[in-house]
Amino acid sequence: MNRLPTPLLPTERFIWGVSTSSYQIEGATKTDGRGPSIWDTFCQQKGRIANGDTGDIACDHYHRFPEDIALMRDMGVQAYRFSVAWPRLLPNGRGHFNEAGAAFYDRLIDAVLAAGIEPWLCLYHWDLPQALDDEGGWLSRDAAGWFADYATLVARRYGDRVKRFATFNEPGVFALFGFGLGWQPPGVVDADAHRKAIHHVNLAHGEAVDALRAGVSGASIGVIHNMQPCLPASAALEDLAAAARLHMHWNQAFPDPQILGYYPTILADELAPQIAPGDMARICRPLDWLGINHYSPIYARGDKNAPLGYAWAGPPDGTPQSEIGWQVHPDAFRDILLEASRRYHLPIYVTENGTGGRDQLDHTGAVKDQHRINYLNAYIGAMQTAIAAGADVRGYFVWSLLDNFEWGAGYGDRFGLIYVDYPTLRRIPKSSARWYADRITRETATGPAGKP
Ligand code: GCO
């Protein structure tokens, strides 16, 4: 069990930010010595990504970050959550250190600080160096040491300027999608591989927390989990069982051992062959905050032919849904925040919340995304209701600053406050960007959030 957090000081302000990730916005995948990641490889596999899209150019944030930071500053954004591309620093995942790649993040962090914005650095947002995957990747118990060495390098290089660190973004998602359902790299569909990835990523998290704590004075260290209700596609017994297993994999397999020090009972039994003496203490290291990403409830149905025993299902017909078919249910967000606050007793930052759409330029060259304004207004309201009811939530980051590479969906699903015209890479603030700027001004003027 982690130490109890210090209470929110009256003077401590609620943080309003935006989030991005390296592979989804940087581009420059072969620039300045960057090595290939598993996502570079995956995008080359025919049929994996809509329209054959890749992250090779993305938003070209690698070169255009000064403009993107200016857009954040103009919105009054107070914190910028980004991720470091492991293969930019270590092209082979370990060994040779790539100074040119590391210098990009120096430039980025220095510019973010110069704009008066707080940098929040995530070590891993899914772009594992391909060379390490070739050595077993997350299926190897050695991955914990590889990740700890990478964390030590990041701490040493940026710890004088960055104090907010997350070890992983959504391990529940990349483990399930990468090893259980095969939708993401390495594209495996195998229950034993999924179990190994769960435990090895948890070990890597604990090692990285210790590396960051040792390397950065005054570090504020957290981890980011996607937390969403996992519901049955129907009242059938097999669907109820499917939802329970998805909940165990999606919501519990990582935060429970990392924060509480134990796996859910069923999972502990299934992982027993992976767990060596002392492992649970290596995983459960003191954290300063919990990042929660949330979008919508998710659904499962029983499938006895599937290696995990369940399959993904869509939301029931007739439920309110976004333009890309995700259920819109702000009360679920309120309940997730209350439950997580009660269960984990850590300060919570909403590190991702937002909605995807098919946003388009209108004839005047503007992008009017009222659907996103409606979603953000409803979900910020739900968060503030949760805070008023006692949830210890201390910040909110919109996903995302920019339209970007939405994994398997390629560039079709747009999540940005800023529209990216991909042929020209022109940035065009959507109406939601103005709305968010006004909301930050209003909320900041009235003190910490918590007033529904
Ligand atoms: C995730 C990732 C983001 C996604 C966003 C929209 O939660 O899957 O953190 O990289 O792009 O959530 O799906």
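What ranking, highest mean first, results for peptides 97-106, 352-361 when packing means the other Cβ atoms within 10 Å averaged over each residue? Don't skip to the answer; put the middle values down first.
On the way: 97-106: 16.8, 352-361: 19.9.
Put in order of decreasing packing, that is 352-361, 97-106.
Per residue, the solvent-accessible area of region 15-446 (1.4 Å probe, heavy atoms of protein chains only, all protein chains present) comes to 34 Å². Residues whose amide H comes within less than 5 Å of that of residue 231, counting only those at least five positions distant or on another chain, are 298, 299, 300 (H built at 1.01 Å from N in the peptide plane). Positive end of the charge dipole of region 353-452 (Lys, Arg +1 and Asp, Glu -1 on Cβ, about the Cα centre): tell me which of 425, 390, 356 has its Cα farthest that way. Projecting each Cα onto the dipole axis, the largest value belongs to 390.
Could you order the peptides 397-410, 21-34 from most to least packed, using the average number of other C-beta atoms within 10 Å per residue? Write down the numbers at each step before the final one.
On the way: 397-410: 23.1, 21-34: 21.6.
Most protected by this proxy first, the peptides run 397-410, 21-34.
Partner lysines whose Cα lies under 23 Å from the Cα of residue 46, excluding those fewer than 8 positions away in the same chain, are identified as 30.
Charge tally for residue 38 (other residues, Cβ to Cβ under 11 Å; Lys, Arg +1; Asp, Glu -1): -4. With θ taken as phi - 60° and the Karplus curve 6.51 cos²θ - 1.76 cosθ + 1.60 applied, the whole-hertz 3J(HN,Hα) list for region 409-414 is 7, x, 9, x, 8, 9 Hz, x standing for glycine and proline. Taking amide hydrogens as placed 1.01 Å from N in the peptide plane, the amide H of residue 293 sits under 5 Å from those of 225, 226, 227, 351, 352, each at least 5 positions away in sequence or on another chain. The stretch between residue 360 and residue 343 holds 2.0 nm of extra length on full extension. This uses 0.36 nm per residue minus the Cα-Cα distance. Using Cβ point charges alone (K and R +1, D and E -1), the dipole size of the chain about the Cα centre works out to roughly 880 debye.
For residue 359, the residues 5 or more places off, or on other chains, whose built amide H falls under 5 Å of its own are 414. Once the Cβ-Cβ distance between residue 275 and residue 135 is put in as r, and R0 is 22 Å, what FRET efficiency do you end up with, to the nearest 0.05? For R0 = 22 Å, the calculated efficiency reads 0.50. The label point for residue 115 and the one for residue 368, both projected 7 Å from the Cα toward the Cβ, are 2.8 nm apart.
If you take all other residues with their beta carbon under 14 Å from the beta carbon of residue 147, and give Lys and Arg +1 and Asp and Glu -1, the sum is -3. Here the Karplus curve 6.51 cos²θ - 1.76 cosθ + 1.60, taken at θ = phi - 60°, turns the phi angles of region 309-317 into couplings of x, 8, 10, 6, 10, x, x, x, 4 Hz, with x standing for Gly and Pro.
Roughly how many percent of the accessible protein surface of region 15-446 is carbon and sulfur, given a 1.4 Å probe and a whole-percent answer?
Values: 7820 of 14630 Å².
Heavy-atom surface of region 15-446 belonging to carbon and sulfur, 1.4 Å probe: 53 percent.
Applying both filters, DSSP loop and at most 16 other Cβ atoms within 10 Å, to the trypsin sites (Lys or Arg not before Pro) of region 109-163 gives 141, 161. For the pair region 83-112 / region 338-397, the C-alpha centres are spaced 30 Å from each other. Extending 7 Å from Cα along the Cβ direction at residue 444 and again at residue 214 yields two label points whose distance is 3.9 nm.
The values are calculated or read from the model by the stated rules, or taken from the named source; none is laboratory data. Keep in mind that what you see is a predicted model, and the values were worked out from it rather than measured. Using ideal geometry, Cβ is built from the backbone for each residue, glycine included, and neighbour counts are taken over all protein chains shown. Quick note on the areas: whole protein, heavy atoms, side chains included, nothing else; ligands and nucleic acids left out. Shrake-Rupley method; radii C 1.70, N 1.55, O 1.52, S 1.80 Å.
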